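What follows is a single structure, and I will ask about it in a moment.
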Amino acid sequence: MENQNNTKTGNQVLLWIIFALELYALPTQFYLLLENPEFTFFSAAVRFFSFFTILTNCIVFICSALLLFGGRWTIGAFFRKSTTITAITVYIIIVGIVFNLMLRSIVDLKGLHAVVSEIFHTVVPVLFFFYWLFYINLHKVSFKIVLRWLLYPIIYVIYTLLHGIYTDFYPYPFIDATKLGFQTAIINGLFVLLAFVVFSGILVFISRLKAKHYT
């Protein structure tokens, strides 16, 4: 009983930390965009939600909020599913890996920009992975579900490329069709999707091992 109480307490504390970090970082990042005089509120909102990082951290924020406050809401039940949380874990891990391996060396962020970037790309991905690993009762997950998880990044890549055609704005250099050419941008997008498949497979494999261990 004591061990269960400690586990529940650790679960809640970690969720609260993730929730508080996102509650601070997301509005702060939007405020920093609005400080740029070239943006209206609408154009800042469009630019804000053009980043996979922002979209995924919003999903993490919604998930943590519903896990803390969702109660018996239907949507809360969806976000309590181990498959849903595993998918979100894949998404936020990719956010961290892509930034730290491919983008960190080419950006020079200062002040609040650096603070919120670390929250989005390092702190939250690590904390949410720990939450998934230590506090989620993982059931045996089929590898077939990975195809469903790919829907979100596929839609994002397609939207980003089409949006870039009309606005000439690409949020990430590896899918900048203006500089790289459309063919190269698509190939790079496919490599990113492959990374989603690989890390989805790894997490599904871990979940199956844990489910087998506890049965």
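For residues that are under 25 Å from Phe49 (Cα atoms) and either open to solvent by 70 Å² or more (accessible area, probe 1.4 Å) or outside any helix (DSSP H, G or I) (or both), tally how many sit in region 137-151.
Number satisfying all stated conditions: 4.
Given the criteria part of a helix (DSSP H, G or I) and among the aromatic types (Phe, Trp, Tyr), does Phe134 qualify?
yes
On the basis of being over 30 Å from Ala77 (Cα atoms), part of a helix (DSSP H, G or I) and aliphatic (A, V, I, L, M), does Val198 make the cut?
Judged against the criteria, Val198 is not a match.
The rows are residues; the columns are (1) modelled with pLDDT under 95; (2) in contact with a Leu (Cβ under 8 Å, 6 or more places away or on another chain); (3) not in a helix (DSSP H, G or I).
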| position | (1), (2), (3) |
| --- | --- |
| Ser117 | no, yes, no |
| Phe128 | no, no, no |
| Ile158 | yes, no, no |
| Leu161 | yes, no, no |
| Ile165 | yes, no, no |
| Ala185 | yes, yes, no |
| Asn188 | yes, yes, no |
| Phe191 | yes, no, no |
| Leu194 | yes, no, no |
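Something else now. Any residue in region 102-111 that is among the aliphatic types (A, V, I, L, M), open to solvent by 30 Å² or more (accessible area, probe 1.4 Å), farther than 21 Å from Val192 by Cα and in contact with a helix residue (DSSP H, G or I) (Cβ under 6 Å, 6 or more places away or on another chain)?
Looking through region 102-111, at least one residue is among the aliphatic types (A, V, I, L, M), open to solvent by 30 Å² or more (accessible area, probe 1.4 Å), farther than 21 Å from Val192 by Cα and in contact with a helix residue (DSSP H, G or I) (Cβ under 6 Å, 6 or more places away or on another chain).
Starting from region 152-178, keep only residues that are within 26 Å of Ser105 (Cβ to Cβ) and open to solvent by 70 Å² or more (accessible area, probe 1.4 Å), then list their pairs with residues that are of a type outside the set (D, E, K, R) and assigned to a helix (DSSP H, G or I) whose Cβ atoms are within a distance under 8 Å, requiring at least 6 positions of separation or different chains.
Listed pairs, sorted by first residue: Asp168/Thr178; Thr178/Gly164.
The values are calculated or read from the model by the stated rules, or taken from the named source; none is laboratory data. Just so it is clear, the model here is predicted, and its values are computed rather than measured. Heads up, the Cβs are rebuilt from the backbone with ideal geometry, glycines too, and the neighbour counts pull from every protein chain shown. Heads up: the accessible areas ignore ligands, DNA and RNA and are worked out on the full protein's heavy atoms, side chains in. Shrake-Rupley method; radii C 1.70, N 1.55, O 1.52, S 1.80 Å.
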